[in-house]
Amino acid sequence: MTADVNKTDGPGATPSAGPEAIKAIPVRHPGRYVSAVVALALLGAVVYAFAQGKINWGAIPDYFFDDRILHGVGNTLLLTVLSMVIGIAGGILLAVMRLSKNPVTSSLAWFYIWFFRGTPVLVQLFVWFNLGLVFEYINLGPIYKDYWASFMTPLLTALLGLGLNEAAYMSEICRAGLLSVDEGQTEASHALGMSHTKTLRRIVVPQAMRVIVPPTGNEVINMLKTTSLVSAVQFADLFQEAKDIGQNSGSPVEMYFLAAAWYLIMTSILSVGQYYIERHYARGSVRSLPPTPLQRFRAAVLPTRRTKGVPA
């Protein structure tokens, strides 16, 4: 039986108009407005303070592309790459040693990680740099022999101090990645006759990369900034070159701002690269990959294309 929507209750009654529409009232968030005003006020105060300060802002663009600054940028990038190569290679080796069933190798790896993670990087740099006070010569037999002061150059000091310290942190990252792979994968590969080395190379490591890559990217960015410590051992990195220019030109604070700008540029570029590498290794673990920054920009700025046949 079909219901009559115009049914009346009696003479003179008006037809039923149905339930009244719900009027949604948005929840007010006054705290957001207050916090925004406070944040803008603090930002304005900081900008005003620096604008009123005795800062020669013109010195920054004058020296931004100076040959000495560019030389320091190149040395900083070189030191970052070489230190991370040492750190990643050493971290993989230490992670395998930690997971080994051999108590000797496992204990040695544990002691290495404990020592280098427990001492500051700056202290390690000074130790390497001043070992010439303890050892007059470095004697490797018929291979190499020289004075320690000639052997331990600022570059080698920086590589040993940063690379060996980074290996301790990378070992824990690599170990966490290896442990994230289910043991059934290893057992299945061994059942197929694969050796332990081949199992790591072909089965375990490719799956562990999804866990290893994100923190490794963070370590690269952190390493880029940590290289500023090597100025203490007279290595001509970006910070050391900027400091020398500031002392000679009488604009030390301005050169520190210049160095900070270069560090921001380099870390921003590395952050973009890290995003795309993480996105690459995320394939297979998520149903749909997150949009790239370019795709987000297009979605926010460009008009959405309408599909044919679908009304607006």
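The values are calculated or read from the model by the stated rules, or taken from the named source; none is laboratory data. None of these values were measured; they are calculated from a predicted model. Counting neighbours? That spans all protein chains shown, and the Cβs are built from the backbone with ideal geometry, glycine included. Just the protein is used for accessible areas: all its heavy atoms, side chains included, with ligands, DNA and RNA removed. Shrake-Rupley method; radii C 1.70, N 1.55, O 1.52, S 1.80 Å.
A few remarks follow.
- Test result for Ile143, open to solvent by 60 Å² or more (accessible area, probe 1.4 Å), assigned to a helix (DSSP H, G or I) and either hydrophobic (A, V, I, L, M, F, W, C) or farther than 20 Å from Ala208 by Cα (or both): no
- Qualifying position, being open to solvent by less than 70 Å² (accessible area, probe 1.4 Å) and either of a type in the set (Gly, Ala, Ser) or under 24 Å from the mean Cα position of the chain (by Cα) (or both), among Ile113, Ile92, Ile138: Ile113
- Checked against the criterion of being open to solvent by 50 Å² or more (accessible area, probe 1.4 Å), assigned to a helix (DSSP H, G or I), closer than 17 Å to Ala236 by Cα and out of contact with any Pro (no Cβ under 6 Å at 6 or more places or on another chain), the candidates Val81, Val104, Val73, Val123 yield just one match: Val81.
- Those helices (runs of 4 or more DSSP H) lying entirely in the range 189-272 with at least 3 residues in contact with a helix residue (DSSP H, G or I) (Cβ under 8 Å, 6 or more places away or on another chain), modelled with pLDDT of 85 or more and closer than 20 Å to Cys174 by Cβ: 205-226
- Under the condition of being open to solvent by 50 Å² or more (accessible area, probe 1.4 Å) and under 18 Å from the mean Cα position of the chain (by Cα), the residues counted in the range 163-208 number 2.
- Residue within the range 58-65 that is modelled with pLDDT of 90 or more and outside any helix (DSSP H, G or I) present: yes
- Selection within the range 273-312 - modelled with pLDDT of 70 or more, under 27 Å from Pro206 (Cα atoms) and β-branched (Val, Ile, Thr): Ile277, Thr292
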